[in-house]
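Accompanying notes for the structure given below.
The values are calculated or read from the model by the stated rules, or taken from the named source; none is laboratory data. Values in this document were obtained by computation on a predicted structure and should not be read as measured data. Glycine also receives a Cβ, built like all others from the backbone with ideal geometry; neighbour counts cover every protein chain displayed.
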Amino acid sequence: MPASPLVFLRRLTNRMVGTGPWLLAPFDRIAAERTGELRAPVHRPESFAGVLREEPDQPIAYDCAHALLGQPALGEVLSGGPRYRAHGLSPAEPKRLFTLTDAGIAGRDGVVYCIRTRTAVAETVRCWRQPGFAHPLLGACGFPRAQTLPGRSLSLATLDGEGFYHFLFESLPRLWLARDFLAKIDHVLVSGHRQAALEAWLDRAGVAPEKLVWLDPLAHYRCDQLLFANRPIRNYQPSPWLRHALHSLLPSPPAGDAVPRWLWISRADASRRHLQWEDELLAHFPNFEKHTLGNTSPAAQQALFASATVVAGPHGAGLSNLIFAPAGVRLVEFFPDSHIQPLYSRVAQVSGGTAAWATVDFARPDRLEPLVAALREFLSA
C-alpha cells in the first residue's frame, strides 16, 4: 500500500519542529557517516559504531503441507497474487549485531536512530501495510523528549514484540547474537508493558529482571551505547540459524527416559480460536495428551515439546514451541477459515518434520468422520 502525501507532509513538519527521527537509511550508511569514513579526518570524536557480530544462515526448502481433507490452500491475496508461496527455497540472510553510540530508540517497536542526523536505522523500522518511510514515528513532531539511559543497552524490541510468536522468534534470538557481551550490558530493552510470562522466558535466558526496560508506545531514550540487530527471521520464514540460536540460548531439560509424546495444544483458555469439539476428536486418538500453555513455565513448555513426535491443535502462538521439537516431528494444524498461514508448518520442516492441516468449523464437528480417517492415515504413515 503506497504512502499518502500526508505522510511526507508530517515528516517535513517533524523535520522543522520535532526532536526525533525523520529520515531513514540503512545502518551501513549511518555508521559510515558516524565513524567519519565519508569525509571526516582521522582526528575526530571517537565513536563505537559498526557491526559487532555477523553470523551466516543457510537456505532452506519449504514444501507444501498436506491438506488432510483435500481443501485448496487459500490465503491472503496481495497485489493480485498469494501472500505466501506454497513451496520454494528461502534465501539465507546474515544475522548482524550492530552498535551505535549516542543512539536514540523510540516506541514499543524500538526504532533506533542517530541522534546527530535524526536518521532512523532502516533495519529497525517496520510497518505492517506501508513502507518503512511511512512509519508514524518519522512524522511524530510532538513525540516526548528522550530520557537518558547511561552505560550499555541492548534492544530486543521488534514490531508486535509483546506477542509470544514475535517475542520468541524475533526478540530472544538477539540475546544469542549478543551472548559474548551480556555481562557488560546494563539495560535490556523489551517491547510493551511488563508481562510476567515474557519475563519468565527472559529469566530463563539469563537476563536479570532489574536490567529490563519495557518500551510502551511513547517510550523514548537516548543511550550512551546501544546494541541492536537486524531481523533474526524473515517474515514467516524460519531458518536453521533460528532453531540453533534458540536451542543454544534455551537448552531443553534432559529428556531422560521419557517416551515419545503426542501433544494436543488446546486453546481452551484463550479468547478465540478454541476448537470446541476437540475432546470429541481426541476420543478417537487416546495417544494424545491435552495441554494448555497459558500457565506453563518456559522450562515445562520446552520439556513437553522436546519429547514430542506429534503436535496438533488449532492455529495459535503456542505452536511456536515446535522450534524445540526433535527432528522428524509431525504437525497437524487446524484453521477456522481459508486464511492458511504457513509459519508453523515451516517450523516443523526446519526440524526435519512434516505438516498437515485442515479448515474446520470450530463451533461444530460437521466433518468429523472424514477428518478422523484422514488424520489416522497421516499419523500412521
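Per-residue answers, yes or no, for (1) outside the structural domain of Arg367 (by TED's automatic domain parsing); (2) in contact (Cβ under 8 Å) with a residue 12 or more places away in the chain; (3) surrounded by fewer than 18 Cβ atoms within 10 Å (Cβ to Cβ):
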{"site": "His244", "(1), (2), (3)": "yes, no, yes"}
{"site": "Asp269", "(1), (2), (3)": "no, yes, yes"}
{"site": "Phe285", "(1), (2), (3)": "no, yes, yes"}
{"site": "Leu293", "(1), (2), (3)": "no, yes, no"}
{"site": "Ser297", "(1), (2), (3)": "no, yes, yes"}
{"site": "Val311", "(1), (2), (3)": "no, yes, no"}
{"site": "Gly316", "(1), (2), (3)": "no, yes, no"}
{"site": "Leu319", "(1), (2), (3)": "no, yes, no"}
Item to complete: Test Ala183 against the stated conditions and say whether it is surrounded by fewer than 17 Cβ atoms within 10 Å (Cβ to Cβ), out of contact with any Leu (no Cβ under 6 Å at 6 or more places or on another chain) and closer than 23 Å to Gln301 by Cα.
Response: no
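Under the condition of being of a type outside the set (Ser, Thr, Tyr) and farther than 14 Å from Thr119 by Cα, which residue from region 3-15 is modelled with the lowest pLDDT?
My answer is Ala3.
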Item to complete: Please enumerate the residues belonging to region 140-173 that are farther than 20 Å from Thr119 by Cβ, surrounded by 16 or more Cβ atoms within 10 Å (Cβ to Cβ) and touching a Lys or Arg at 6+ places or on another chain (Cβ under 9 Å).
Response: Arg152, Leu154, Leu156, Gly161, Glu162, Glu170, Pro173
Worksheet entry | Selection from region 292-303 of residues that are closer than 16 Å to Ala268 by Cβ and either touching a strand residue (DSSP E or B) at 6+ places or on another chain (Cβ under 6 Å) or among the hydroxyl-bearing types (Ser, Thr, Tyr) (or both) | Thr292, Thr296
Worksheet item: Given the residues Gly328, Gly318, Gly352, which is the only one that is more than 19 Å from Cys64 (Cα to Cα) and under 27 Å from the mean Cα position of the chain (by Cα)?
Response: Gly318
Worksheet item: Would region 76-83 turn up any residue that is within 23 Å of His315 (Cα to Cα), of a type in the set (A, V, I, L, M, F, W, C), assigned to a strand (DSSP E or B) and not assigned by TED's automatic domain parsing to the domain that holds Ala348?
Response: yes
Worksheet entry | Restricting region 53-75 to residues that are of a type in the set (D, E, K, R) and assigned to a loop (DSSP other than H, G, I, E, B), the residue that is surrounded by the most Cβ atoms within 10 Å (Cβ to Cβ) | Asp57
Worksheet, complete the sentence: The condition from (1) at pLDDT below 95; (2) within 20 Å of Leu74 (Cα to Cα); (3) surrounded by fewer than 22 Cβ atoms within 10 Å (Cβ to Cβ) that Ala306 misses is numbered (2)
Worksheet item: Conditions: (1) touching a residue at least 40 places away in the same chain (Cβ under 8 Å); (2) surrounded by fewer than 11 Cβ atoms within 10 Å (Cβ to Cβ). Leu6 meets all but one. Number of the miss?
Response: (1)
Worksheet item: Could you say which residue among Val347, Val372 is touching a residue at least 60 places away in the same chain (Cβ under 8 Å), more than 30 Å from Ala205 (Cβ to Cβ) and assigned to a helix (DSSP H, G or I)?
Response: Val372
Worksheet item: Would region 210-220 turn up any residue that is in contact with a Ser or Thr (Cβ under 8 Å, 6 or more places away or on another chain), part of a strand (DSSP E or B) and of a type in the set (A, V, I, L, M)?
Response: yes
Worksheet item: Only one of (1) outside any loop (DSSP other than H, G, I, E, B); (2) surrounded by 17 or more Cβ atoms within 10 Å (Cβ to Cβ) is not met by Leu89, so which one is it?
Response: (2)
Discussion item. So in region 335-359, with the set limited to residues that are among the aromatic types (Phe, Trp, Tyr) and surrounded by 21 or more Cβ atoms within 10 Å (Cβ to Cβ), which one is farthest from Leu78 (Cα to Cα)?
Written reply: Trp357
